[in-house]
Structures are given as structure tokens and as C-alpha cells.
Amino acid sequence: MRMRGMLYLFTHWNWKTALVVGLIRGGACVAVLTGLTLHARQDFGLVEFAYVLATSGFASALQQQSLNVKDRRMGWFLCVVFIPFASLGLDVLCHLWINGIGGKQIGVIACLFTLISAMFHWFIMSKGAMLVGEDSRPLLDDLLAMPKLAFLFVAEPVMAAWKLGQSLLRPVAQTVDEAAEELVA
């Protein structure tokens, strides 16, 4: 059983995520690290791209596997918190080792980006996008679905909060209506 789990990392290495995330994170490093020289930012971005290309396919395989965890909250925690932040920690160590740039430059922005992107990744994978293996669709189909998925990623929690607010306010409004009826009567 353990061997089968380890093989999943290789049979479901997510080349889609590795490529897309590598390009985004490498470019983001070049753009965000304004306190460094352009050459240092480019080096940092290339190291980031190479590191992400090498590692995020495996991390994404684990994230895809977390969709099958029986306890949905545990699957979410593994996919959105544990795996991405373990990867970010390794990323920081890699940058320290290669070019001496560490956590101070990465900081809060990278943690927020990691959290939001991992939440988005969980969301789109649960909708069937950016998966590899038997549940896979062509990369172009996944990319074309991204605008709609990005909209839903923002809209679904807003709509859920709206519905929750409505359900919480409904008893209050009903009580006010009943009190008003008593005053009139």
C-alpha cells in the first residue's frame, strides 16, 4: 500500500501545475523583489522557476490525492496548508543555500500568495480542472475554464456569506414583524 502511494507521486506528477505555477512564481519574484538589483531578481526568479518546476508537480500530486481523503476538512488542510507551506519552507531553504536570499525577502506576501493560490488550487481541482491521470482534461480546456473558475472562487463564498446573513437576519426580522403586529393590535 505504501509503495502504491509513493508511485502516485510519479504517476500523477502534475506537469500542468508545475509549468503554470513555475511561470507565475518565477515572474512574481522578479516583479516583487524591488529591493534587489535586476540581475539578482532574475537569478531569484530563475531559481524559483526551476525549483517550482522540479517540486510543485509532486506537491500537486499530493494535493490531488488529498481530494480523496474521507474527512473533507482534513483533505482541505493537507492541500491548502500543510503541503504548500512545507513546500514554501523548502523553497526558502533552497534560496538560502543557492544565493543567500531567505525568508526576510519572501515574508508575508509569499505566505499570503501561497495560502490564496493553494485555496484556489483546491477549488479548481475540486471542480475537475488542472488534474492529471484518469480524471484529466487537456491543458487548454483547463486554461479556458480559468476565468469562470476564478469568478466562482470569489463569488461562491460571497454568496454563501449572503445566504448565511439572510438566514441569521430572518428570525430577527420575523420577531420585529411580530412585535409590530402586537403594537398595532
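The values are calculated or read from the model by the stated rules, or taken from the named source; none is laboratory data. Given the structure is predicted, the values throughout are model-derived calculations rather than measurements. A quick note on method: Cβ atoms are made from the backbone with ideal geometry, for glycine too, and the neighbour counts reach across all protein chains shown.
Quick notes on this structure:
A quick yes/no check of all residues on (1) at pLDDT below 80; (2) in contact with a helix residue (DSSP H, G or I) (Cβ under 9 Å, 6 or more places away or on another chain); (3) surrounded by fewer than 21 Cβ atoms within 10 Å (Cβ to Cβ); (4) outside any helix (DSSP H, G or I):
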{"site": "Gln65", "(1), (2), (3), (4)": "no, yes, yes, no"}
{"site": "Val80", "(1), (2), (3), (4)": "no, yes, no, no"}
{"site": "Phe85", "(1), (2), (3), (4)": "no, yes, yes, no"}
{"site": "Val92", "(1), (2), (3), (4)": "yes, yes, yes, no"}
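- Residue that is surrounded by the most Cβ atoms within 10 Å (Cβ to Cβ), among those in region 30-60 that are in a loop (DSSP other than H, G, I, E, B) and of a type outside the set (Ser, Thr, Tyr): Leu33
- Test result for Gly27, of a type in the set (Gly, Ala, Ser), surrounded by fewer than 20 Cβ atoms within 10 Å (Cβ to Cβ), in the same structural domain as Leu96 (by TED's automatic domain parsing) and under 15 Å from the mean Cα position of the chain (by Cα): no
- Pair list, Cβ < 6 Å and 6+ apart or interchain, from region 107-130 residues that are in the same structural domain as Gln63 (by TED's automatic domain parsing) and free of Cβ contacts under 8 Å to residues at least 40 places away in the same chain to residues that are among the β-branched types (Val, Ile, Thr) and buried (at least 19 other Cβ atoms within 10 Å of the Cβ): Met119/Val80
- Contacts under 9 angstrom Cβ, first residue in region 73-84 being without any contact (Cβ under 8 Å) to a residue 24 or more places away in the chain and at positive phi, partner surrounded by fewer than 22 Cβ atoms within 10 Å (Cβ to Cβ) and of a type in the set (A, V, I, L, M), 6 or more apart: none
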